[in-house]
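The values are calculated or read from the model by the stated rules, or taken from the named source; none is laboratory data. Since this is a predicted model, take the numbers as computed values, not measurements. Here the Cβ positions follow ideal geometry from the backbone for every residue, glycine too, while neighbour counts run over all protein chains shown.
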Amino acid sequence: MGRKLSGIVWLSVLAVATGVFALGCVNFALPPAEDAAMLMRYAQHLAQGHGIVWNIGEPPIDGATDFLFMVTVAAVHRAGVPLEAAVHVLAVASHFLTVALIYLAVRHVQGAGAFPAVASALYVAVGPGLPLAAAYFGTPFFALGATAAWIAAQRVLLGERRTVLDCAVFAIVGLVAGLTRPEGVLIAIFMLVGLCIPLPFRDARRLLLTFACVFGESSIRGWERSTWRWSFGTTPRGATRWPRPRPGFCRSIQNGAPSIPGA
């Protein structure tokens, strides 16, 4: 059996095993958990064009930690999918993709055999991802972004040629993880430090410059604002100034981002 055909077979086995675990061991009839229900409320109002608001007609608030997941749920809900189904579909699909990515990474990026690749993927497949998805949490969505960042970091570290494209892919995926949850920024930075230590100076410099260009000043200010809010319950240099909500989904996303006085 060729390696490509073997990979297709093992991916199919992993998909079936994950599906059996989902149908036999996970209760998808549970109501949304409290924190998940709060994010769903923000996503619903965003999809309706009211912005990231808790109550329609009130100013937007910074209450949705899983920002990218909330926006994605809102977009799917805006397309006509029921809100509960949108959350479940995104979370479950993210879990299946994460299982597949782990198999592919261990098999092809690290060059390991089929057994360790399948074992690693199965370990994640029957983990807490699907129960969290059943409770309407976006954790599998974040796990997918973190896994993709880990794979991109592996490619930079183990690749024979470390091109600007490889560095850019790592930085972009790290940024996506940071947009999903704030700690995604920390994960990307920790990976960046771990990569720069063993890399030759020229490759490390290329990676650092690419990472800085992708993240940019806006990401640094966004992280500064989130950190300040967690520590002091407000934003740097005064209270948050929110624009008045306007109708429309895309504009409601724009209205959901606060501006900092003096910035």
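Structure notes:
- Residue that is in a helix (DSSP H, G or I), closer than 24 Å to Gln44 by Cβ and either outside the structural domain of Ala15 (by TED's automatic domain parsing) or among the aliphatic types (A, V, I, L, M) (or both), where the choices are Leu132, Leu104, Leu122, Leu97: Leu132
- Residue identified as in contact (Cβ under 8 Å) with a residue 60 or more places away in the chain, assigned to a helix (DSSP H, G or I) and aliphatic (A, V, I, L, M) among Val176, Val169, Val193: Val176
- Residue that is on the phi < 0 side of the Ramachandran plot, surrounded by 17 or more Cβ atoms within 10 Å (Cβ to Cβ), more than 18 Å from the chain's Cα centre (by Cα) and modelled with pLDDT of 90 or more, where the choices are Leu192, Leu207, Leu175: Leu207
- Filter pass, Leu104 being touching a His at 6+ places or on another chain (Cβ under 8 Å) and on the phi < 0 side of the Ramachandran plot: no
- Only residues that are of a type in the set (S, T, N, Q) and either at positive phi or under 20 Å from the mean Cα position of the chain (by Cα) (or both) were counted across segment 115-133, and they come to 0.
- The residues in segment 58-76 that are over 20 Å from Ala91 (Cβ atoms) and buried (at least 18 other Cβ atoms within 10 Å of the Cβ) can be counted, and the count is 1.
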